[in-house]
Structure formats: structure tokens, C-alpha cells
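So the structure is just underneath, and the comments pick up after that.
The values are calculated or read from the model by the stated rules, or taken from the named source; none is laboratory data. Remember, predicted model here, so these are calculated numbers, not experimental data. Because the Cβ atoms are built from the backbone with ideal geometry, glycine has one as well, and the counts that use them run over all protein chains shown.
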Amino acid sequence: MERKWWHNAVVYQIYPRSFCDSNADGVGDIPGIISKLSHIEELGANVIWLSPVYASPMKDNGYDISDYYEIAPEYGSMADMEELITECSKRNIRIIMDLVANHTSEQHPWFIESKSSKENEKRDWYIWKPAKGDGSEPNNWESFFTKKAWTYDNASKQYYLHLFAPSQPDLNWHNPQVRQAIYQVMHFWLRKGISGFRMDVINMIAKPSDFPDATIFDEGVAGWEHWANNHGCHQYLREMYREVLSHYDVLTVGETPFTTPLDGRYYSHPARNELSMIFQFDHVSIDREEHNARALPFSLLEYKQVMSKWQLALHGQGWNSVYWSNHDQPRAVSRYGDDSPRYRETSAKMLATVLHCMSGTPYIYQGEEIAMTNQCFSDISEYNDLMAHFHYQKILARGDSKQQALDFLNRFSRDHARCPVHWNKHENAGFSQGVPWLSINPNYLDINAETARANPNSTFHHYRALIALRQSPQYGDTITYGHYQLLDPEDSEVYAYLRYDQHQCLLIVANFTAKHLERSYQEKLLEVLLSNISNTPTRLTGLKLEPYAALVMEVDATR
Ligand code: TEU
Ligand code: CA
């Protein structure tokens, strides 16, 4: 496979609203990001994925864009954005921006025009349909944030489609003018010096022309079998590649819920000229039915199975991305590890180790590198996210109690990730000198970047070491391009896998429990490269694994 700069990159995601506030209005901003670049540089990540910074009414915190060519005033100016690009490039950090092009804000001038009358020349830029004979919606599709995917416009007596909030109308990608308009946006930002895009729900842009009713219920937002991974999406992406992406050397990552590894190959196989990689959702769907707002127990067996399936399926056939968290997911250490003071750092390091030794490009979500935790709330009014409120109502509507609804949100709300980053022990964790837009987790006195950077044993320094290993001359290629082999698939407590090529073999072993375990492996231990425990084992028979222990070892696998 032809080598690409992004193959061994490590991406750090910034959610601007919650990263750092420079002007005391309680909202993170671009100058705030610039002031913290040394943190990312020290960590060793070499790409920043910037969640949306475009002009937006912020109904969905920027995933509702009203002008693709302007920066949201609360985040700064175009000059600030240009300075960010320059400051990053001084540090050899590239920026990818979030391209939200399945939908716009209802306040985008395109939609305002489109809505103004059936005859408007932009009417067809969005998806308008007449009601059925009985006045009901054009079909039975649901949306991620509301019960129905259609909203009625009284003035023109038609429905428009929105797979997300009513304030996020879906663009009609079938219309070539729409596609060209988005391609222009992409050229504009790429010419400014960014290095690619994370593409929001890009696998949903193609809708079938007959808009058939959903027939699958309970497995996700109704209608997904029609609008997720529709074959038209691949055609649009190939056109986008021809017209835009092929002219630059970029990293593109598609956010693609409802995808299988086969879809993953279609999107990311280099010969297909679509995307560099995608975000799959299998592993973040183990412990809950998101659409039904129901929690399930996490199963390590299933996690191992899902990750192994993707690792193997895309080897040489595409490219993986690997992640524990992002702005839509709860905090990883609270979700998959143990966020009590006793095991927080150890389990966070364990999770990091498992992920960062896999093949594919790893993504780190802001605060993950210091093992920030979920923040639980006791009243629905404390939640900001529109999806939290939708889930809350959904849970009450099925007859569950308010407490049950809060229990679900306290595990899964997207706001956990959106609580501001803790920088230091000062007021508001150093995030802001004003009133933060979302509350600061009171545990910031213990958990903050300054404390973490000062402690060589912190999660932060463990992430640093993992990134350095991936980028090291000696082990980098094995981690980036080597084969993957799962060991002991039936072991429900330990995740062990091999990474190897013709030169060397690495064994990764991780205890996902708070128990002391003992395991034996057939390989011969050569060297422990990295671990989160103090005592260094000397052999792999009767290997003692302390709670949440994780080891990266070079082994001799020739038996
Ligand atoms: O998320 C798409 C998406 O599928 C989410 O609704 C997802 O199901 C959920 O958030 C995971 O818990 C993207 C963005 O990442 C999200 O922030 C936006 O709200 C959404 O698109 C609409 O643009
Ligand atoms: Ca601010």
C-alpha cells in the first residue's frame, strides 16, 4: 500500500466551545486554542480535528452552519483562524476541519431562500415533499433528535426532511448545484492551508429518489436502511474526490454510523478514491441501544470481537480509525474503565494502550489524555444537549421514571464530553474567567492538565509514550502496518493481541477488571516496551496482571 502521511498520524479532537476561553464570555474560542497549542505539541499529536467553528446559531453547537465562509463571532475572526493555521504549522501540527454538509442550519441563506416559495430557484436545494393524502408526513422516517424526520411548512404547504433537528434541514445532494456549492467551500478552506476534513454523517447524504417507508424498526433511527450508505453516496464521494480532494494531500475521515466492514472498505480502499478512513460505530453501540435510549452491560468479549473484525477486514483493504471517545460519547474512563480515584489513571492508561497499539489512525478527544470523567447531574435542566432532552422525553414516554431517565443520561449524555477542559487548579479549572457555558466538573482540583503534565506517571505521559512508540523508527511500522491477531477470544477479562511483521512481534495484554489475574502466553518475552504498572515481568508464563494492568511487550513468536 502506498504510504500516506496520515497513516501514522495521531489526531487530537478539539471541541472549541469547551476547550479554552480567552475573553471571559464563558465560551471557548480560537485564541484560547492558540494559547494551548503547546499542550498538544507536548503530547505529540500531529493533527487537530477542529469541531465546527463556522457561523452558526449553535442549536447543535455548530453542527448547524449558517455560513460556511465565516467564523462564528463567539469563536473569533477569520484572522484568528488564519493565525491558528499558521501557529499549528510552526509546530508541525496539521488541522482538519469539520465539514457538516448533510444539512445546514435553518438560518442558512440557502434554506431561507428555499423556504421562501415553491418557485424559488433554491427550492430544490433541500428536500421538500407534499403531504400524503391524509395530510401526514411523506414517509415514516424518524430523526436522530425528534420523533419524525419531516417538519411541515405552513406557508408553502410542504414538508422538509431533517435527519437531525428541525433546525438542521437536509441538503438535497441529488442537485448538482448543491454539490458544487459544497465543493467550493472545501476548496476555500483547503486553500487556506488546512489538511483535510472530518465529514459529519457523510454516509447519509444520498437519499433514494422514491423515499420509501422504513421497514426496519428498533435497530436504529427508522429509515436508516434507505439513507445510510446508499450507493449514491459512493458516487458523490468519488465526484468530490475528482473535483476537490485529488488536488490536495489530505486526510479525510467520514463519520459513518450504520456501517459494516464491507462498507468501510468501499469508503476507504485507496483504489476507490473516496475517503482516507471512516469512523465506525460498532464498538460504541455495545453498551446501549442509543436510539431506544436503553443501557446494556458492556461486554469485553463483544468489544474484542468487534475491534478484531474491523482490524482484520480493513488490513490492506482500506484504513481504520480507532477511537474511544469524541464529543458525542461519554468519557472513556467512566464508561469502559474505572473512574474512582483508586483506578482512574491506571484504567485510563490501560484503555489508551489497547487502542494506541492497534492499526489505523488513533483519535484522542480533548481531556481524554488527562483521564477526565463524566459529570453527573441531578436534574434535566442541567443538561444542555438537545439530544439529552430528546432521550429524556423518550424514556419518560415509555413509562420509566425521571430517575431512570437521569440514570441513562448520567451514563451516556453527550454533555459529559462537552464539559469544559480542566487546565489547572484555578477558578473554573482555568477554562474561563467568566461563567462557563456548561458546568465545570468539581473534580478539577485533582484532574487537570497542569497537574498531569507535572507528574511523570500521569495518564498524559502515558499517552505521550504511546504516541512516541507509534512514531518511533523501531516499532512505528509494526504498529502502523503490521498484522493483527487476537489471542484468547473467549477470555472475558483480558484483551490480548499480537501485532507483527516480518521483523518483529509485539504482544499487548490488558486487564479490563479490578481483579488480580494471572495469564500465560506461549511467546517468549524479549522486552517490556511500555506498561502502566511498576513491576516489570520477566516471563509470560504465570504473568501476573494487577487491576487494569496493560503491557506492550516485544516477544519472540517463533515457536
Ligand atoms: O453525529 C451524528 C450522529 O449519528 C449522532 O447523532 C450520534 O448518533 C450521536 O451523537 C452519538 O451519540 C454528528 C455529530 O457528531 C453530532 O455532534 C451532531 O449533532 C450530528 O452529527 C448532527 O450534525
Ligand atoms: Ca470566549
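Conditions: (1) surrounded by fewer than 17 Cβ atoms within 10 Å (Cβ to Cβ); (2) out of contact with any helix residue (DSSP H, G or I) (no Cβ under 8 Å at 6 or more places or on another chain); (3) not aromatic (Phe, Trp, Tyr). Thr215 meets all but one. Number of the miss?
All conditions pass for Thr215, except number (2).
So Pro57 passes all but one of these: (1) surrounded by fewer than 18 Cβ atoms within 10 Å (Cβ to Cβ); (2) away from ligand 1 (no atom under 16 Å from the Cβ); (3) closer than 22 Å to Ala181 by Cα. Which condition number does it fail?
Pro57 satisfies all of (1) surrounded by fewer than 18 Cβ atoms within 10 Å (Cβ to Cβ); (2) away from ligand 1 (no atom under 16 Å from the Cβ); (3) closer than 22 Å to Ala181 by Cα except (2).
Being of a type in the set (S, T, N, Q), free of Cβ contacts under 8 Å to residues at least 24 places away in the same chain and outside the structural domain of Tyr548 (by TED's automatic domain parsing): is that true of Ser340 here?
Details: of a type in the set (S, T, N, Q): yes; free of Cβ contacts under 8 Å to residues at least 24 places away in the same chain: yes; outside the structural domain of Tyr548 (by TED's automatic domain parsing): yes.
Criteria met by Ser340.
Tell me which residues, restricted to region 547-559, are surrounded by 15 or more Cβ atoms within 10 Å (Cβ to Cβ) and more than 15 Å from Lys349 (Cβ to Cβ). First the steps, then the outcome.
Start the filter on region 547-559 by keeping residues that are surrounded by 15 or more Cβ atoms within 10 Å (Cβ to Cβ), which leaves 547-555, 557.
Residues satisfying the conditions are Met553, Glu554, Val555, Ala557.
Of Leu409, Leu396, Leu351, which residue is among the hydrophobic types (A, V, I, L, M, F, W, C), under 19 Å from Gln13 (Cα atoms) and in contact with a helix residue (DSSP H, G or I) (Cβ under 9 Å, 6 or more places away or on another chain)?
Leu351
Say whether the condition of being hydrophobic (A, V, I, L, M, F, W, C) and under 19 Å from Thr513 (Cβ atoms) is met by at least one residue in region 267-275.
There is no residue in region 267-275 that is hydrophobic (A, V, I, L, M, F, W, C) and under 19 Å from Thr513 (Cβ atoms).
Let's see how each residue does on (1) more than 16 Å from ligand 1 (Cβ to nearest atom); (2) closer than 24 Å to Ala352 by Cα; (3) charged (D, E, K, R):
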{"residue": "Trp6", "(1), (2), (3)": "yes, yes, no"}
{"residue": "Asp25", "(1), (2), (3)": "yes, no, yes"}
{"residue": "Leu37", "(1), (2), (3)": "yes, yes, no"}
{"residue": "Glu42", "(1), (2), (3)": "yes, yes, yes"}
{"residue": "Gly62", "(1), (2), (3)": "no, no, no"}
{"residue": "Glu83", "(1), (2), (3)": "yes, no, yes"}
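In region 172-202, which residue that is within 16 Å of ligand 1 (Cβ to nearest atom) and out of contact with any strand residue (DSSP E or B) (no Cβ under 6 Å at 6 or more places or on another chain) is nearest to Ile93 (Cα to Cα)?
Ranking the candidates gives Ile182 first.
Name the one entry in Glu82, Glu137, Glu113, Glu87 that is surrounded by fewer than 22 Cβ atoms within 10 Å (Cβ to Cβ), closer than 25 Å to Arg179 by Cα and at pLDDT 95 or above.
Glu113
In region 256-288, how many are within 18 Å of Tyr236 (Cα to Cα), part of a loop (DSSP other than H, G, I, E, B) and of a type in the set (A, V, I, L, M, F, W, C)?
Summing the residues that are within 18 Å of Tyr236 (Cα to Cα), part of a loop (DSSP other than H, G, I, E, B) and of a type in the set (A, V, I, L, M, F, W, C) in region 256-288 gives 1.
Just one of Ala313, Ala332 is in contact with a Ser or Thr (Cβ under 9 Å, 6 or more places away or on another chain) and closer than 27 Å to Glu2 by Cα; which is it?
The match here is Ala313.
In region 176-230, which residues are at pLDDT below 95 and part of a helix (DSSP H, G or I)?
If the condition is that a residue be at pLDDT below 95 and part of a helix (DSSP H, G or I), then no residue fits.
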